[in-house]
Structure formats: structure tokens, C-alpha cells
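Here's the structure we're looking at; comments come further down.
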Amino acid sequence: MENIADYLKAERSQEWRAELRKSMKAKERTSLERVKMLEEDPNVRNKNIIEVNKGLTPEMAIVESHRCLDCPDPTCISGCPVGINIPKFIKKIETKDFLGAAVTLKETNALPAVCGRVCPQEKQCELSCFYTQKLKKSPIAIGHLERFAADWERNSGKMSIPKTEKHNKIKVGVVGSGPSGLAAAGDLAKYGYDVTVFEALHEVGGVLKYGIPEFRLPNELVDIEIETMRQMGIKFHTNFIVGKTASFDDLKAEGFQAFFVGSGAGLPRFMDIPGENLNGIFSSNEYLTRINLMHASNDEYDTPVISGKHVAVIGGGNTAMDSVRTAKRLGAEKAMIIYRRSETEMPARNEEIKHAKEEGIIFMNLHSPTEYYGDEKGRVKQMKVQKMELGEPDASGRRRPIPIESSEFIVDADTVVVSVGVSPNPLIPKALKNLKVTDWGTIVVNPDTMQSSVPEIFAGGDIVRGGATVILAMGDGRKAAAGMHKYIQEKITAN
Amino acid sequence: MSKILEKEFFSKNVVKIVLEAPEIAKSRKPGHFVIIRIDAKGERIPLTIAWADEKKGTITLVVQKVGVTSAKLSKLNTGDEIMDVVGPLGQATHIEKVGTVLCAGGGVGVAPMLPIVDGLKKAGNRVITILAARSKDLIILEDQMRGISDEVIVMTDDGSYGKQGLVTAGMEEVIHREKVDLCFTIGPAIMMKFASLTTKKYNIPTMASLNTIMVDGTGMCGACRVSVGGKTRFVCVDGPEFDAHQVDFDEMLTRLGAYKDQEFEAYQKYLQTVEA
């Protein structure tokens with residue numbers, strides 16, 4: 001890591017940065033107010049799928065960039081799973097070199113327009129910002145600025161293609177085209193490898209496409225970032241399930257030297273309570289996939305979806321928020337979150353909770369369903385919920401929910417979306433007998449290299465973590481790409 | 001993209017399609033299915049592979065026209081392309097020598113039964129196949145089944161061909177006549193339910209290949225969940241074959257009807273556009 005520190009220092013001491021620091025007093029910089037994201041009106045946006053956040057204007061971005069002190073020890077970077085050179089890209093914005101800012105982002109981040117939208121910056125870079133840590137002030141809006149620079153570049157029509165090393169003609173495979181796979185593919189291409197990404201679905205992007213709704217992350221934007229990756233020479237093979245369509249051995253026979261497995265989340269978890277298989281009860285994966293990937297709410301598409309007037313979404317994570325806000329947009333009169341702990345323990349981002357509340361989502365915190373009841377056609381119509389109270393913290397560090405005896409009551413619900421987590425996708429572990437997996441079904445890896453018990457197979461993202469964020473998955477992908485590079489180069493040297 | 005190399009109507013509403021899919025043809029085994037999507041606005045539907053030719057690089061699907069997607073599929077011609085075909089999916093059929101195996105296929109369920117019968121026969125079993133359908137024109141693949149089964153019994157509801165009666169009558173006949181060690185059943189859910197109830201009476205182990213609604217088909221969405229032995233299982237990755245005696249067929253039938261109204265409406269709309 002020392003060379004990275006040296007590199008950052010060298011970059012920081014460049015003349016333009018030094019000049020810029022002198023151009024405004026620190027006191028003046030810290031006296032500026034944090035920029036506020038422009039948002040679509042809640043009562044307009046809850047009826048359509050247009051993006052909620054509208055981005056920053058160039059003027060807003062420039063003012064915000066002045067707040068950044070370009071610290072000698074930029075702690076923000078240590079909070080970024082993909083190690084973006086944050087002060088450098090922000091200072092590029094300050095000099096109005098917006099395209100330069102985007103190039104800086106792409107040095108380490110394959111999907112800046114995505115990360116600028118869906119990363120929990122408040123728990124990462126912005127949490128470790130000097131403003132948060134030492135000044136006890138609102139941090140630099142790093143996420144908003146990242147989005148601004150990426151959007152500016154895209155809208156300029158002058159998309160930069162990240163530089164790649166000379167093509168080394170060594171074939172490597174990436175299994176899954178979600179965030180971890182794309183991050184790994186991007187870095188592997190930069191190292192010069194011949195990269196093929198295998199995707200089981202008909203579209204590239206994984207959870208970015210089937211999971212995260214249009215109003216939070218437009219699909220078109222994911223496609224544009226993927227197009228950049230195609231231009232880097234990365235090949236995408238959709239409708240291809242490694243381990244099924246062809247085995248790892250088949251691919252090795254075709255010359256693939258190593259693989260990154262980012263096969264993601266798999267089987268949805270249900271609560272195993274009576275009536276859970278009634279019609280109108282979905283996993284969040286199914287509900288969101290029907291709408292986001294299959295466009296079920298658009299009459300021109302063949303895939304149907306059930307979405308009623310009283311929609312209950314079980315869970316308190318980002319996926320639950322995505323589901324409930326989608327239900328509202330599909331015309332639910334009552335769209336409810338039913339969560340067994342309190343808002344303090346909710347895993348969803350504060351921004352998502354805030355947006356959901358503004359849009360009229362009802363929050364039934366400290367409640368949990370215990371049974372579902374159907375009509376004569378087998379469609380859910382009501383659910384029994386039980387009140388909960390919080391006890392001592394559990395293994396997750398959050399206070400444990402405890403059911404309150406005899407507190408059950410009936411709630412009308414003609415659609416239920418169960419969003420209580422997923423188990424890792426079972427396809428890869430089933431396809432590789434000697435792959436070491438945990439009792440949970442996640443792949444065991446060396447945390448430094450992301451190498452699995454099968455030497456040529458590396459893994460990251462939800463298939464290793466069980467369930468995490470886009471950016472942590474991307475961090476895994478980058479780390480695994482470095483691990484694969486080292487592994488392949490050592491193998492070549494040994495021969 | 002997958003090209004249609006051959007197309008043949010078995011009857012007015014049942015069509016056989018041979019698709020170019022070399023990778024799937026090579027890796028598929030009896031019991032596997034594929035997910036297809038006809039065009040950019042199409043839905044993803046699962047279809048069990050009826051046959052495959054590894055040398056030619058083809059897979060064969062047999063489809064009954066029941067809704068928009070199957071109707072669109074039956075209108076495609078040789079040379080046309082299907083946008084997405086992915087597979088092979090699911091667990092392959094567990095095939096071993098057990099003695100006498102009764103294979104009860106109903107309607108288009110006979111098609112995916114074909115490779116299972118073939119596998120069972122090659123493993124050294126005595127295989128008795130029952131082909132059941134509402135009427136004569138819905139009986140498919142009889143010659144092929146006769147070629148690989150020890151015996152074929154044809155049953156039609158209306159008596160227009162073979163013996164008159166339901167599949168269960170044919171099954172009872174065989175069970176009363178000789179010892180059956182194992183049974184396979186593939187067909188409409190309601191038929192499999194009664195086939196399963198029949199063998200349960202005689203304690204004959206029975207496998208049913210389930211055809212539930214799916215979206216991704218790769219173990220992600222849970223649309224295909226069924227109760228097996230009181231536990232929720234996923235047809236796409238745990239199945240499609242399960243111990244029939246443990247399957248909650250009534251729940252499965254209800255779940256298959258989840259989109260009945262929407263499907264009916266969409267089909268009527270489609271028929272209007274086709275006629276117009």
C-alpha cells in the first residue's frame with residue numbers, strides 16, 4: 001500500500017493542486033454550506049419512474065468543490081472500497097475540468113455514474129471526511145460530486161475510455177455481470193487480459209438492472225457505462241450459465257486461465273410462516289425483476305405482475321425501500337413497510353427512508369407478520385402482524401426484536417413483498433465439488449486476494465459476503481482482479 | 001439468438017420446434033429445461049427439453065398453445081430466430097436400474113418424458129409408457145415412444161384412440177398386472193396430482209416433473225416455489241423433479257393460476273391483433 005500513499009502524495013504536490021489550495025483560505029472554504037441535491041417533487045415522482053435525484057448544476061458542483069480542503073492525509077479515500085482519488089477529482093471540478101474529474105474517477109471505478117447514485121457515502125467516504133471527523137460539520141458531498149462529474153462526461157458525448165495495458169492475449173472469465181463482475185472485468189482489461197463476462201440473464205448489469213429501480217438508477221445509464229467497458233475490449237456473453245451451459249473445465253479447455261465468480265445473491269429468504277405461498281406474495285427479487293428487468297408494469301411487454309391497492313413490504317433494507325416505493329408508483333393506495341425493529345436499526349440508507357416518507361410510504365416499525373390469509377382464489381387478502389419491542393443487542397450489534405405476547409392484529413394486504421434477505425446463488429457451489437463454501441453457502445476466499453480453495457477461481461460480492469452493497473462488491477472485484485493478475489503472472493514465471 | 005431449424009405441428013395447438021443451441025445440446029441431460037424469451041418485449045418461460053442432438057447442435061421443444069407466448073412461438077417459422085435461450089437448467093433426472101418403471105405422460109408432458117424413458121431403458125429397466133390425452137389428435141410422439149419402451153399404452157378421455165379413460169386407469173391396469181418399482185409422471189399439474197395419488201395407494205415411489213411459473217429460472221426470484229414435504233422448495237434449482245407424494249399439488253395449482261385473469265386478457269388482446 002506504500003506506493004499508493006506515495007502516488008497520492010506526488011499527485012497532491014503537483015503545481016496546479018498546490019496553487020489551488022492557496023487560492024482560497026481554509027476558513028473561507030469551511031464556512032461554505034453543503035450543497036443540497038435537487039429532487040423531483042414527492043407528489044409528482046411517486047406516480048412515475050423518473051429519477052428522484054436530479055443532480056447538481058455546474059455552479060452548485062463548483063461551490064461544493066471549494067469546500068474540500070485537499071487534506072494532506074485524505075482520510076476520505078480510506079473510506080472508499082474502490083480507492084477513488086477523491087481530492088484529485090474534486091479539485092478537477094474546482095478548476096472546472098469536469099471531464100478531467102471523470103477520468104480521475106475511472107482510474108479506479110468502472111461505474112462512477114452508478115456509484116454516485118447508489119453508494120452509501122454517508123457510511124464510507126463522507127463518514128471519514130475531515131469535516132465529519134474533526135470539524136463536526138456536514139461532510140463534502142462526495143457522492144453528489146461523483147455523480148455530477150460522471151453525468152457531465154456522459155452528457156458531453158466525450159466519454160473517455162480508460163487506458164489499458166498492451167493486450168496480453170491471456171483469457172480470463174468473469175462469471176456474472178453485476179457490480180463485482182464489472183469491477184473485476186474493468187481492472188482485468190486494464191491489466192491487458194482478454195476478458196469475457198458470462199451472464200445468465202438476457203441483459204448485462206445484474207442487480208443494477210433487475211434490482212435497483214429506474215427512479216434510483218436509470219437502466220440506460222448502466223448500459224452506457226457497460227458500453228465503455230465494451231470499448232475497452234471486454235466481451236459480454238449473455239444467456240450463459242457457467243457450470244450449466246458449459247463447465248469450468250470446458251472453459252479451461254478453451255484457454256481460460258482464471259475466473260472471477262461474482263454470481264451474486266440467489267435464493268430469496270422467506271419467513272416460513274403460514275400462508276406465505278399464497279398468490280400475491282413475492283420475494284423482493286421477483287417483484288423487482290418483473291418490473292425492472294421484464295418491464296411488467298408497461299403494457300407493451302408480455303410479463304405480468306400483481307400489484308394491488310394495499311401493499312405490505314416486509315423488511316427494512318434498501319431493497320425493501322425500492323420495493324415499497326415501486327408499489328406506490330404502480331398505484332398502491334397504501335404502501336407499507338413492516339419492519340421488526342425501529343428506524344434506528346434500519347439497514348436502508350437514510351436518504352431512501354427520507355425519500356420513502358416524502359412519497360407517502362407508511363412505516364409500521366416494530367411489527368412482524370405471523371400469518372397470511374387468502375381469498376377463495378388463493379390470493380392474499382390479509383395478514384396477521386405482531387408488535388415487537390427491542391431487547392439487548394444481538395450478534396449484528398443491533399437491538400434484538402422481541403415479540404409482545406397477545407399483541408397480534410389484522411392488516412389488509414392484497415400484495416406482499418418479502419424482503420428479508422437472500423441466500424447466496426447455489427449454481428456455482430453446486431457445479432464445483434471441491435470448492436470450499438461456508439454453511440451459509442458463501443464461497444470461502446482469502447480476504448487479501450479473494451482466491452478460493454480452487455486456485456484458479458476467485459470470488460467476490462454477495463456470493464462471498466452473503467449480502468452487501470454495490471460498492472463493497474466492486475471493491476471485492478478490484479481486489480480479486482489484482483489477485484488474479486498476481487496468480488497468473490506467477491504461474492507464467494514458474495513455467 | 002437461436003435459429004429455428006425445423007418446425008412441425010403435432011396437432012392444431014401442439015408444435016415441435018428444433019432450435020440451434022449447440023452448447024445446450026452438448027451439456028443437457030434428461031430432465032433439464034431451458035428458459036426462452038422470444039423477443040425484446042417477451043416474457044421468460046421455462047420449457048423442458050424434449051430431445052437434443054449433440055452432433056447437429058440442436059435441442060427440441062414441444063409447446064402447446066395456451067397463451068400469448070406459446071401462441072407467438074407457434075407462429076414462428078423455420079429460419080426465424082428466438083432472442084434468448086438459456087440452459088440447461090435444473091437438476092438432471094436421477095436414472096438408475098430399479099426394475100420396472102411406469103412412465104405416465106399427459107399431453108405435451110410426453111415430450112420431456114421421451115429422454116427419461118430413453119435413459120431408463122438404456123440403464124436396463126423394463127419401461128412401460130402411458131400416453132394420455134383428451135383425444136387422439138393430442139397424442140404425441142407415439143412412434144418414438146414405441147421405439148424405446150417395452151410397452152406403450154394409449155389412453156384418451158373421449159376414447160377416440162387407444163383405451164378410453166384417464167391416465168390413472170391405465171396406471172391401475174399395469175399396477176394390478178405386475179410389480180412396478182418406480183413411476184415417473186409429467187403432464188398438467190392436475191393429472192400429476194391424480195397420478196401421484198394413484199401410486200401412493202400402492203406405495204410406489206414416484207417422481208413428478210413440475211412446470212411452475214418462473215422468471216429468471218436460475219434460483220433468484222422464487223416465483224417457482226412449491227411445498228414439498230411441508231418445506232418450500234424452488235423448482236428451478238432444486239427440481240424440476242420431486243418426490244410426487246410429497247408435493248402439495250393443490251397449492252401448486254393455485255400458484256399456476258396466479259396470473260390467470262391477466263393471461264386471459266392478454267391472450268384475447270393478442271388474438272384480436274393477430275386477426276386484425
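Quick notes
- Cα long-axis angle, helix B:189-201 against chain B (0 to 90 degrees, to the nearest 10): 10 degrees
- Extension gain from B:K55 to B:A169, taking 0.36 nm per residue of separation minus the Cα-Cα distance: 37.1 nm
- Listing of region A:368-389 residues, each with accessible area lower by at least 20 Å² in the full protein assembly than in the chain alone (probe 1.4 Å): A:K377
- Stretchable slack from A:M364 to A:K27, in nm (0.36 nm times residue separation minus alpha-carbon distance): 116.9 nm
- Amide H contacts of A:E389 (H built 1.01 Å from N, in plane; Pro and chain starts excluded): A:I402, A:I404 sit under 5 Å, all sequence-distant by 5 or more or on other chains.
- With a 10 Å cut-off around each Cβ of A:292-302, the average count of Cβ atoms from other chains is 4.
- Degrees separating the helix B:260-275 axis from the principal Cα axis of chain B, which is the longest one: 50 degrees
- Per residue accessible area of region A:4-156, 1.4 Å probe, in Å²: 45 Å²
- Rounded if a/c under 1.5, otherwise prolate or oblate - region B:152-276, Cα gyration tensor axes: oblate
- Antiparallel %, DSSP beta bridges [both residues in chain A], to 5: 40 percent
- Modelled this way, with points 7 Å down the Cα-to-C-beta line, the labels at A:K357 and B:F9 are 6.3 nm from one another.
- Measuring r between the beta carbons of B:E81 and B:D158 and using R0 = 30 Å, the FRET efficiency lands at 0.20.
- A:S78/A:D250 FRET efficiency (R0 41 Å; Cβ-Cβ; nearest 0.05): 0.50
- Rounded if a/c under 1.5, otherwise prolate or oblate - region A:372-423, Cα gyration tensor axes: oblate
- Computed log10 I(q)/I(0) for region A:331-427 at 0.25 Å⁻¹: -1.35, from the Debye equation with unit scatterers placed on every C-alpha and solvent omitted.
- Per-residue average of Cβ from other chains inside 10 Å of A:276-289: 5
- Note that region A:67-77 has calculated 3J(HN,Hα) couplings of 5, 5, 8, 6, 4, x, 10, x, 5, 4, 5 Hz, one per residue in order, obtained from phi through the Karplus relation 6.51 cos²θ - 1.76 cosθ + 1.60 (θ = phi - 60°); glycine and proline are x.
- Summarising the overall dimensions of region A:407-495 from its C-alpha atoms, the Rg and Dmax are 18.3, 70 angstrom.
- Take the Kirkwood radius over Cα pairs of region A:268-422, plug it into Stokes-Einstein at 10 °C and 1.306 mPa s, and you get 101 µm²/s for translational diffusion.
- Backbone phi angles across region B:204-214, fed through the Karplus curve with coefficients 6.51, -1.76 and 1.60 (θ = phi - 60°), yield HN-Hα couplings of 9, x, 9, 10, 10, 9, 8, 10, 8, 5, 9 Hz in residue order; Gly and Pro are listed as x.
- Of the GluC sites (Glu not before Pro) found in region A:363-430, those that fall in a DSSP loop while having at most 10 other beta-carbon atoms within 10 Å are A:E376, A:E405.
- When you filter the GluC sites (Glu not before Pro) in region A:302-366 for DSSP loop state and at most 16 other Cβ atoms inside 10 Å of their Cβ, you are left with A:E333.
- Area hidden from solvent between B and A (accessible, protein heavy atoms only, 1.4 Å, total, Å²): 3600 Å²
- Our coupling estimate for region A:480-495, obtained by passing each phi through the Karplus curve with A = 6.51, B = -1.76, C = 1.60 and θ = phi - 60°, is 5, 4, 5, x, 5, 4, 5, 4, 5, 5, 5, 5, 5, 4, 5, 7 Hz, Gly and Pro reported as x.
- From the Kirkwood radius over Cα pairs of region A:4-156, Stokes-Einstein at 10 °C and 1.306 mPa s returns a whole-number translational diffusion coefficient of 101 µm²/s.
- Spread over its residues, the convex hull of the C-alpha atoms of region B:196-252 is 68 Å³ per residue.
- When the trypsin sites (Lys or Arg not before Pro) in region A:278-345 are filtered for DSSP coil states and for at most 15 other beta-carbon atoms within 10 Å of their beta-carbon, the remaining sites are A:K309.
- Between A:Q231 and B:N203, the FRET efficiency estimated from the beta carbon spacing at R0 = 56 angstrom works out to 0.30.
- Beta bridges per DSSP, both residues in region A:268-422: antiparallel share near 50 percent.
- A simple spin-label model places pseudo-atoms 7 Å from Cα toward Cβ; at A:E19 and A:K486 they are separated by 4.0 nm.
- Residues of region B:213-231 that bury at least 40 Å² of accessible area once all protein chains are present, compared with their chain alone (1.4 Å probe, heavy atoms only, ligands and nucleic acids left out), are B:V215, B:T218, B:G219, B:M220, B:C221, B:R225.
- Residues whose placed amide H lies under 5 Å from that of B:C103, excluding near-sequence neighbours: B:I128, B:T129, B:I130, B:F184
- Pair A:T57, B:D150: separation of 7 Å Cα→Cβ label points (nm): 8.5 nm
- Share of Cα-Cα pairs in the protein assembly as shown lying beyond 47 Å, as whole percent: 25 percent
- Potential lengthening between A:T438 and A:K137 on full extension [0.36 nm per residue; Cα-Cα distance subtracted]: 104.2 nm
- Taken residue by residue and averaged, Cβ atoms of other chains lying within 10 Å of the Cβ of B:261-270 number 2.
- 0 to 90° range, to nearest 10: angle between helix B:110-122 axis and chain B longest Cα axis: 50 degrees
- Distance histogram for region A:158-296 (every C-alpha pair counted, 5 angstrom bins, percent rounded to whole numbers): 2, 9, 18, 19, 17, 13, 10, 6, 3, 2, 1, 0
- Relative pair counts by distance (%), Cα atoms of chain B, 5 Å bins: 1, 6, 13, 17, 20, 18, 14, 8, 3, 1, 0, 0
- Projected over all directions and averaged, the alpha-carbon convex hull of region B:1-100 occupies 7.2 nm².
- Protein accessible area in the protein assembly as shown, 1.4 Å probe - carbon and sulfur %: 52 percent
The values are calculated or read from the model by the stated rules, or taken from the named source; none is laboratory data. Computed from a predicted model, the values in this text were never measured in an experiment. Quick reminder, even Gly has a Cβ in these numbers, built from the backbone with ideal geometry, and neighbours come from all protein chains shown. Only protein heavy atoms, including side chains, enter the accessible area calculation; ligands, DNA and RNA are left aside. Shrake-Rupley method; radii C 1.70, N 1.55, O 1.52, S 1.80 Å.
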